[in-house]
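Chemist: Quick one: the structure is below, questions incoming.
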Amino acid sequence: MEVNEKCDVYSFGVLALEVIMGKHPGDLILSTLSASSSTSTAHDILLKDNIVDPRLSSPSKQESKQVTLVAKLALSCIEPNSQLRQTMKQVCIQLLKEIPSQFNIFPMVTIGQLLDL
């Protein structure tokens, strides 16, 4: 395995899925690796039933869209073929474009604001 910037992208994808799922996404990763086989059911897995941590309360419509976007990006980050993965710059651009900022100016964010989220 060649270590390059695409390894960071893969790690980000695993971490993002772990946050969404509340556990390591090992089984999901294995199912995506075998997605090319005709017996794979990876494409039939429901996000709300099998991916999102069941300990979380039901997300609002806006939160559902955001979780879906992050899950989609995370899955693209764990693409088995590293040449097909986006760069972290591309992932960041998509996140910044699609998910509205909670704060106007990052340097002005206080710990209190973060705790109130």
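The values are calculated or read from the model by the stated rules, or taken from the named source; none is laboratory data. Model, not experiment: these values are computed from the prediction. So basically every Cβ, Gly included, is an ideal-geometry build from the backbone, and we count neighbours across all protein chains shown.
Chemist: Looking only at segment 83-104, how many residues end up being over 16 Å from residue 67 (Cα atoms) and either in contact with a Leu (Cβ under 7 Å, 6 or more places away or on another chain) or at pLDDT below 85 (or both)?
Modeler: 2
Chemist: Assess whether residue 12 counts as being aromatic (Phe, Trp, Tyr), modelled with pLDDT of 85 or more and within 26 Å of residue 115 (Cβ to Cβ).
Modeler: yes
Chemist: Continuing with the same structure: Would you point out which residue out of 80, 107, 59 is exposed (fewer than 10 other Cβ atoms within 10 Å of the Cβ) and either at pLDDT below 90 or not charged (D, E, K, R) (or both)?
Modeler: 107
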